[in-house]
Every structure is written in C-alpha cells, then in structure tokens.
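What follows is a short report on a single structure.
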Protein chains: 2
Amino acid sequence: MESMKALDKLGFPSNSKLLIIHADDAGLSHSENLATIETLQNGCVNSYSIMVPCPNFEEIADFAIDNGQFDYGIHLTLTCEWKNYKWPPVLSINEVPSLVEGNGYFHSSKENFRVCAIPKEVKNELRAQIDIALAYGLQPTHLDCHMYTLGLNLDFFKIYKELGIEYGLPVFLSKQIIESFNLKAEEYIKEIDFYVDEVFIGNYEVFKNGNLLDYYKGILNNIKEGLNILLLHPAIDDEEMRSICIDHPNFGAQWRQIDLDFISSEHCKELLKKNDIQLITWGDIKEKLYSSSI
Amino acid sequence: MESMKALDKLGFPSNSKLLIIHADDAGLSHSENLATIETLQNGCVNSYSIMVPCPNFEEIADFAIDNGQFDYGIHLTLTCEWKNYKWPPVLSINEVPSLVEGNGYFHSSKENFRVCAIPKEVKNELRAQIDIALAYGLQPTHLDCHMYTLGLNLDFFKIYKELGIEYGLPVFLSKQIIESFNLKAEEYIKEIDFYVDEVFIGNYEVFKNGNLLDYYKGILNNIKEGLNILLLHPAIDDEEMRSICIDHPNFGAQWRQIDLDFISSEHCKELLKKNDIQLITWGDIKEKLYSSSI
C-alpha cells in the first residue's frame, strides 16, 4: 500500500517540489540576529527559529513581534556547544540538574546530554522555554530542536511530539536525521506522524573543502518532489561571531557568512525560479494541519 | 482543498464502508465479560476494550492474553456511574484526590468529573491504568475512554492524545461525540489527527421506545463511505447485571442483552454482507499508522 507522505497530507499534487528555507539559531548572538533579519527581508529565507535561553533572545523576539509577516518557531535548546560562550537552562539548575555540566550551563555535546538528561527534566525545561516565548508575546508557527538532541532517544522524541500536541504546533520530524544518529527511523517516526521528506544541511567535509556554495546550488538544481527543508545558519563573520565560534570551524563564523551570502544572492532567487521550487512555511503547514478539517 | 479523512490516511478507496464493531466495558462484571466473549467468538463484534480499575478486570485480561486473535484496547476509566456498584482509581486516593468523591470512588457523573478533576492527576491515573495492563501482559491495540470523559475539556483531550504518543497506540477520536457535549470539535480534533468519521451508539429515547433493534438494523442498512464505529455494551440481563444497573435503565441490563442478541444474530451477519460492509479492527489501524512508512 502506498504510504501517506507530506505532500498528500498537505493536499499538494505529487509533483510539487516544496521547500522551506529555514534559518536556525536566531537569538544566539547579535551577529546571528542581524544576518537572520537580512535573509528574511532581502534574501530567500522564509522561516526561522528562536533560541529562548540564549543571550540575544529578546532582540530577535522584539523583531519577531514587530514583523509578524515572517514565519518563526521555537528552537528548543538543550545544549550549548561553544567553547567560551555559554548559556544555562531557563529553569534553575536545582530544578533540572541533569541538564547541566558542573559549570551550570547546558551540556556542551549531544553525547553528554544523551547520557545525563532525565526525560522529566527535559520536558519541564522545554515547557518553560515555550512558556517564556508565549508570555513574551511570540506566536510561533512550529517547534524544532537545536542539534536535534530530542532525536537521541525515544523518550526524548516522545516529549518532542507531546509538546507539539500540548501547544498545537507542528514539530520538525526527520527520518534522515534520526538515521544519521544510527537509530532506526521507523521506531521514531510513524505513518501517523507528519514529517519532512528531505533535509538539506551542510556538512563539515564539504565546508572544509571549500565546496559549501556549490553544495547549496546543487541542492536547488536537484531538488526532488516532496517536502524539503534547507537548514541554514546565517551570521556575519565579525568579531563577535568569531569569538563565539573560536576553535569550532564546524558551523563556525566563516561558514555562517557563506550561508548569509548565498541565500541573499540574486543567483539563489534565480535558481528557485528556474527549478520550479515552491516555497512553503511552517505557518502554512500549521494552518493546514492544525485547522479543522470539516 | 479536500481534507484528509480516515480512508485516505489508511489508504482505502473512497467508496469503502469500513466498520469497527466494538464492545465497550469489558471487565465491568462477570456478565459483561461472558457476553463480550460470546460476541467475539460467535457474534460480529471484532474489537473490545477493557476497564482496568473494575472488579472483573483480571478475568477478561486472562481471556485477552489467551485469545490474542481478538482485538482489544484499554477503556480509560475516570468515572463510575452505577448506584451500588463502585470502583476506585488504581492509584491511592491521596495521589489523585481530585478524581474521587467523598466515598473514595470515582466521580459518578461526567459533570462532577469535569468540574473537579485536575489534569495532572488524570494523566497519572491513566498512565497507571495502562501500566497495570501492560505489566499484566496485555498488548492493547488502542485507547478509548469510558463515557468519553477525556473529551470534556481541552486539557483532558491533550492528555488523551499524549498517551497515544507515549504508548504508541491509536486513540479513538470522534468529532461527533465532542459536538454532543456542545463543544467545538474543530478545537479538539485537527487535520493532523486520525479520527473516526461516524460513531453509532444507541440513545435512551430509542431504547425506551423499544426501537433499539430497528436502530441497529438501520445503521447497517444505511452505513456510509468512511470509517465507522458501532459501540455496543453486550451483557447478559441476569441477577448480577440487574443489580449493577439498578435504577439506571440507560445502558442498563435489558439494553445490554439486546446488544448481545442483535450482534450475535445471523441477521446481523447477513446485513453486513448484504451492505458490503468491510470490517476493520483497531489492530489493523495500528499496524498501518504506527508502522514505518518507508
């Protein structure tokens, strides 16, 4: 029996090439915020997500509220991967002791998080992040997850889905990312779930070899039928961003500047047009999936 | 845009008349258990659900384990509607004080439950019910809800859906029942949810006027395309059942005997055949929706 994919669930013809162009990590820093805004206003990014526990959360939240035409979600955050730039949970560390390292900040690696985190504390912390966003006046269109830490085991992944139900928001589910963790996607994502068919995100090998730009162009030239998402991390390669990303070229400042340049370029717009790519936002998906069907 | 209904989600042609014939309330009493087993073995019932907190739970649970060919779910129970026949929560009343009346048993009416119950206690009690069933060795195919109490407000309904995710089970969702509570179905059930199109259940007016049998025949003769469910409560109109249902003719012993007789009759089998009705179980639905789609 033919399985129900995102296109069917959304009611699009089977030859539709749908794409969300998504900027992760808004709120991380001033540089990240400036670049994200630039890609929304003048580039091709059509959705972004906000990290509530990060230092520049309020800056991007103010922008989001003043610019409701742009689609944004909550980038659920449980890790803090930079060497000298750290943030703690929004709950006190007494409430979520399993989520922090000895310094009181979030775990710096997915592996530490996976080994230490207690599901109940994960759920409490993430609820608190969403509640802070809502109390601030944000009206998010979706939930996604920084470093996809919620995909590291089934207990976390259930929390991810449950938060979607609790807050009435679509959740970014990807079989591909689950498989990249050497886990069995079919145990995580079922037919009843709504998931993205294909996720595109740069990798360190490609970046190191100087091929990131060509990689992005190739994506747009070869995109397939289905629901696709391109994950970018636009930022300006400036002093602030270089200090944050010190000793961490993977998704570092230079990489993020390439993201910003490419997605803001005229060439990118031409490629979207030439390849009949249809942009869609999480807000569109929310409207379709979380509205009444009668 | 045409909305996605159950038939599409299950991959059936749009002219399919699917029907689940479901016996509620297994475990309620010995009479209920005997009749449920009879309708499964010799009648047309093809799915049933079990009340964990009720006196005769273990009797039906033993049958369920020994007869895995029959489809069964957990009939999540939060009320206790009979005058002299009562059961308490599975958790201690200190843990779920909002779920009980002064006598320590569940609330006797939907309204009392709705007004008093604290969602957190509802979730804890229902998890405990499911965990007891699983620990006993049951392998349920679905979750449904006694008197549909979880449909009485949005907080309860979210718990209902979240339990489905947590335990990987389809949940019986019905817009019709929500509407019968004068609530807005579109706030409860969204496009992303899997729900039953049409629910058939007797009502007191029909029973009182002696028309229950004709009502059941009419259902089978007029069933429409889509996913339908017929909810029955088979029991034997014996001393035990009459004492349980005393002063409560609505879904009482006499009514339940009619359910048993009709659904076990040759005439019922003929009507199913004559009307090209395709029987489907919650297990079939679980297999389709909770298996991998790759």
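Taking Cα centroids, how far is region B:1-47 from region A:183-224 in Å? First find each Cα centre; the distance between them is then 41 Å. Counting only other chain Cβ atoms within 10 Å of each residue's Cβ, the peptide B:156-167 averages 4.
Selection among B:Leu152, B:Tyr204, B:Thr77 by position relative to the dipole of chain B gives B:Leu152 as farthest towards the positive end (Cβ unit charges, Cα centre).
Counting only DSSP beta bridges with both residues in chain A, tell me the antiparallel percent, nearest 5.
On the way: 1 of 27 bridges.
The answer is about 5 percent antiparallel.
Hey, got the average number of other protein chain Cβ atoms within 10 angstrom for residues in B:188-199?
Rounded to a whole number, the mean comes out at 4.
Residues A:Cys116, A:Cys268, arranged from fewest to most other Cβ atoms within 10 angstrom of their Cβ, appear as A:Cys116, A:Cys268. Using the Karplus relation 6.51 cos²θ - 1.76 cosθ + 1.60 with θ = phi - 60°, the per-residue 3J(HN,Hα) values for region B:274-291 come to 4, 9, 6, 8, 9, 7, 9, 10, 5, x, 4, 5, 4, 4, 6, 8, 10, 10 Hz, with x marking Gly and Pro.
Taking the Cα centre of chain A as origin, work out the dipole magnitude from +1 charges on Lys and Arg Cβ and -1 charges on Asp and Glu Cβ, in debye rounded to 20. Walk me through the intermediate numbers first.
Working: 25 positive and 44 negative charges, 127 e Å.
So the magnitude is around 600 debye.
Taken about its Cα centre, the protein assembly as shown carries a charge dipole of roughly 500 debye when the Cβ of each Lys and Arg holds +1 and the Cβ of each Asp and Glu holds -1. So, counting K/R as plus one and D/E as minus one, what does the shell of residues with Cβ under 11 Å around A:Leu152 add up to? That works out to 0.
Please compute the net charge surrounding B:Gly218, taking Lys and Arg as +1 and Asp and Glu as -1 over other residues with Cβ under 14 Å from its Cβ. Could you put the intermediate results ahead of the total?
On the way: positive: B:Lys217, B:Lys224, B:Lys274; negative: B:Glu198, B:Asp214.
Summing Lys and Arg as +1 and Asp and Glu as -1 gives +1.
Rounded, prolate or oblate for region A:179-294? Axes are the square roots of the Cα gyration tensor eigenvalues, ordered a ≥ b ≥ c, and the cut-off for rounded is a/c under 1.5. Judged from the Cα gyration tensor, region A:179-294 comes out prolate (a/c at least 1.5, a/b above b/c). Taken about its Cα centre, region B:243-291 carries a charge dipole of about 160 debye when Lys and Arg each add +1 at the Cβ and Asp and Glu each add -1 at the Cβ. Using the average count of surrounding beta-carbon atoms within 10 Å as a protection proxy, the listed peptides A:211-222, A:53-64 rank, highest first, as A:53-64, A:211-222. The chain A residue nearest the rotation axis shared with chain B, using its Cβ and rounding the distance to whole Å, is A:Glu162, 2. Proximity of backbone amide H atoms, modeled 1.01 Å from N, is registered between B:Leu19 and B:Asn228, B:Gln278, B:Leu279, B:Ile280 at under 5 Å, excluding neighbours fewer than 5 places apart on the same chain. Cβ-to-Cβ counts within 10 Å put A:Glu287, A:Glu38 in ascending order as A:Glu287, A:Glu38, the fewest first. Taking the DSSP beta bridges with both ends in the protein assembly as shown, the antiparallel portion is around 5 percent.
Can you put B:His267, B:His233 in order of Cβ neighbours within 10 angstrom, beginning with the fewest? Write down the numbers at each step before the final one.
Values: B:His267 13, B:His233 22.
Final ranking by Cβ density, sparse to dense: B:His267, B:His233.
Read the figures in this text as sums done on the coordinates, not as results from a lab. Only a predicted model underlies this, so the values are computations on that prediction, with no experimental measurement involved. Note: ideal-geometry Cβ built from the backbone for every residue, glycine included; neighbour counts use all protein chains shown.
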